[in-house]
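For reference, the structure is listed below as structure tokens.
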Amino acid sequence: MIGAGAAGLRAAIELAESGTQVLCVAKRRRDDAHTSLAAGGINAALATMDPEDTWQQHAADTIAEAYELADPAVVELLAREAPAAIDDLVRYGAEFAREDDGRLSQRYFGAHTYRRTCFAGDYTGREIQRTLVRRATDLGVRIRDDIYVTRLLVHEGRIFGAYGFDVEDGTRDVLLADAVILAAGGHTRIWRRSSSRRDENTGDAMRLAAEAGCRLRDMELVQFHPTGMIWPEDSAGTLVTEAVRGEGGILRNADGERFMESYDPERLELSTRDRIALANYTEIAEGRGTEAGGVLLDISHLDRETVLERLPRMYRQFIDVAMLDITQTPMEVAPTAHYSMGGVWVEAKTHRTDVEGLYAVGECATGLHGANRLGGNSLVECIVFGKIVGAEAARWSASLDVTVRDRSAIAAASDEVSGLLAQRGGEEFARPLQRAVRDLMSECAGVVRSASGLTEGLERLDAIAGRIGTMEVRPDIAGFDDLAHAFDLKGSVLAARATLDCALERSETRGAHNRLDFPGLDPALTVNLLWRHGEPVAREAVGKPSAEVAALLDGRDDVDVSGRLLE
Ligand SMILES: Cc1cc2nc3c(=O)[nH]c(=O)nc-3n(C[C@H](O)[C@H](O)[C@H](O)COP(=O)(O)OP(=O)(O)OC[C@H]3O[C@@H](n4cnc5c(N)ncnc54)[C@H](O)[C@@H]3O)c2cc1C
């Protein structure tokens, strides 16, 4: 198991419960996986608040918002299994909010027809992570959260383990396994502003899978959240929750204009996420942004008590990192890369990849979100498909009569690490190169894209890739972070290339993907895009929903999302 976020831990639990030996490795502390940042909630049609809700309606809402690119087989399986996923979490001890009579509370989230989002205050991700770590530990799952996986070990199209090193002391690990589950997160940290923290979501999962022989899918489809912090530099991209706008926050440009009046005069700041992201982007790009490159989000017209009571986390965040009192001073914000809707190609029902014995799950997998993710669907994706891949991997392992270990594959993985460590006296360092990747992705493949920008991005990326060979990698007494950064960079370069290639191929505007040179949707591009290194981008037809879900889609009106959170 590679990854100890919600997806990896849920899969590990399933494996342990089936009596299969499992090792879960992660490059980051188990209680601090990216999952712990999730705030708003997790979806399932439990119908605790709205008895009319059904799994079919959940599926229809998800498909309708995905701009025809979600895989209906994935969506329907998710929606059908989501209630059982919540039951599992509750059984493991997750403390979700409840009504006075004991029912689980569910709230509206984004474009869902009914209230179907369970939550634990605005710490839902942390509660789920805590619950899964505890359950896995109780079951005796071995978790090593000090291993950086650098390569998957494959022999003739079949996985036999993974290779990595200890981030503290550099010890090399050959991890032999019948099956490997990749749950290593997305690639949103390759943009300058990202709601991910340093050293997470650097595209590792995509690189590991692609180099093992897997196809990536829809890498251009990245959700940008409209409001991320822009300073201080260390916190650039950190999410400013949509609750700020929900509570009455007003967006203004540097000239003091409430610019949403010209983008969506009816819904103003309560317009949809993609529209607000585009509006913020346009104001900044057309020179009406602040000196620091943002727009202003103002909540100071509310009285101080209200802000402290309704937005305590935001108040603390700005005081802590920027020494800014949001009850007095507007926040400076700009769009921030938030979620990878594309990633590793998986088969819908089993989440197997193109490599035998290798599975992908969670944010690194694809199929559920199409061109626009519905808030609250990603946590439940981790839990539903975590369970499914755990069972599939156990079945695969039990079916094997013989396992093969390929010395040359292990030697190649070892040589890669040794080669990087031997790069002494070089002129380049990983961090500045990583920064160069993030700059180019922001400038050439941000909220709005064009053929000329994307082509320029590919040229700049080639230049950066060429400089990796002269990079200095120097572990020191503090540990092997420098080596980890070098591999983060390799992941970022591969993920960036796949994103740029697919973004160039998708010559249309659809969902989160905006092409300045192709402002309309092209029906011929109602396909998923498949990427393999060195090959032209290929196309894959999208499946059809079942008759019962299709019927709901036919009769569906637009859901009014005003005032609903989408995170
Ligand atoms: C601020 C914020 C709020 C959000 N709110 C919500 C919400 O309300 N509802 C919702 O549904 N979703 C939300 N999301 C999205 C959701 O949190 C993520 O999509 C989800 O948690 C991803 O889980 P995961 O298990 O796939 O990956 P992660 O939690 O990212 O875990 C990845 C794991 O892989 C490990 N790893 C990565 N690379 C390597 C490597 N090379 N070697 C070894 N280990 C490696 C990491 O250490 C980590 O353990 C939010 C996201 C953010 C940023």
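The values are calculated or read from the model by the stated rules, or taken from the named source; none is laboratory data. Predicted model, so just to flag it, every value in this text is computed and none were measured. Note that we place each Cβ from the backbone using ideal geometry, even for glycine, and neighbour counts take in every protein chain shown. Only protein heavy atoms, including side chains, enter the accessible area calculation; ligands, DNA and RNA are left aside. Shrake-Rupley method; radii C 1.70, N 1.55, O 1.52, S 1.80 Å.
Observations on the model:
- Percent RCO, i.e. relative contact order, over segment 126-180, from Cα pairs under 8 Å lying at least 6 residues apart: 25
- Packing rank of 47-54, 161-168, where each peptide gets the mean count of other beta carbons within 10 Å, highest leading: 161-168, 47-54
- Each Lys or Arg adds one and each Asp or Glu subtracts one; over the other residues with Cβ under 11 Å from the Cβ of residue 139, this totals 0.
- For segment 158-237: rounded, prolate or oblate by the Cα gyration tensor [a/c cutoff 1.5]: oblate
- Distance from the alpha carbon centroid of segment 368-393 to that of segment 436-479 works out to 30 angstrom.
- Over all other residues within a Cβ to Cβ distance under 10 Å of residue 444, the charged ones net out to -2, with Lys and Arg as +1 and Asp and Glu as -1.
- Nearest-20 debye value, segment 435-532 charge dipole, Cβ charges on Lys, Arg, Asp, Glu: 180
- Shape class of segment 48-153 from the alpha-carbon gyration tensor: oblate, with a/c at 1.5 or above and b/c at least as large as a/b.
- Most to least packed among 471-479, 331-339 [average Cβ atoms within 10 Å]: 331-339, 471-479
- Taking every alpha-carbon pair under 8 Å whose residues sit at least 6 apart, segment 1-97 reaches a relative contact order of 20 percent.
- Pairs of lysine residues in the chain that meet both criteria, 8 or more places apart or on different chains and Cα atoms under 26 Å apart, total 5.
- Since only 493, 410, 378 are under comparison, the one whose Cα sits farthest along the positive direction of the charge dipole of the chain, derived from C-beta charges on Lys, Arg, Asp and Glu, is 410.
- Each of 154, 136, 102 was placed along the dipole of segment 86-180 (beta-carbon charges, centred on the mean Cα), and the one lying farthest toward the positive end is 102.
- About its Cα centre, segment 336-460 has a charge dipole of approximately 340 debye under the convention of +1 per Lys or Arg Cβ and -1 per Asp or Glu Cβ, with nothing else charged.
- Look at where the Cα atoms of segment 112-150 and of segment 306-327 average out, and the two centres are 26 Å apart.
- Using the 1.4 Å probe convention, the accessible area of segment 1-128 works out to 35 Å² per residue with neighbouring protein chains retained.
- Segment 316-472: C-alpha gyration tensor shape, a/c 1.5 cut-off, then a/b vs b/c: oblate
- Cβ-based charge dipole, the chain, positive-most Cα from 113, 442, 280: 442
- FRET efficiency estimate (nearest 0.05) - Cβ-Cβ, residue 305 to residue 470, R0 56 angstrom: 0.45
- When only Cα pairs below 8 angstrom with a gap of at least 6 residues are kept, segment 207-268 shows a relative contact order of 14 percent.
- Total formal charge among the other residues, if their Cβ is under 9 angstrom from that of residue 226, Lys/Arg +1 and Asp/Glu -1: +1
- Under a model in which nothing but the beta-carbon of Lys, Arg (+1) and Asp, Glu (-1) is charged, segment 1-80 shows a dipole of about 660 debye around its Cα centre.
- Apportionment of accessible area to carbon and sulfur, segment 137-214, percent (1.4 Å): 40
- Backbone N within segment 126-144 under 14 Å of label point (7 Å from residue 29 Cα along the Cβ vector): 130
- Rough spin-label spacing in nm, given labels placed 7 Å along Cα→Cβ, for residue 103 and residue 349: 3.4
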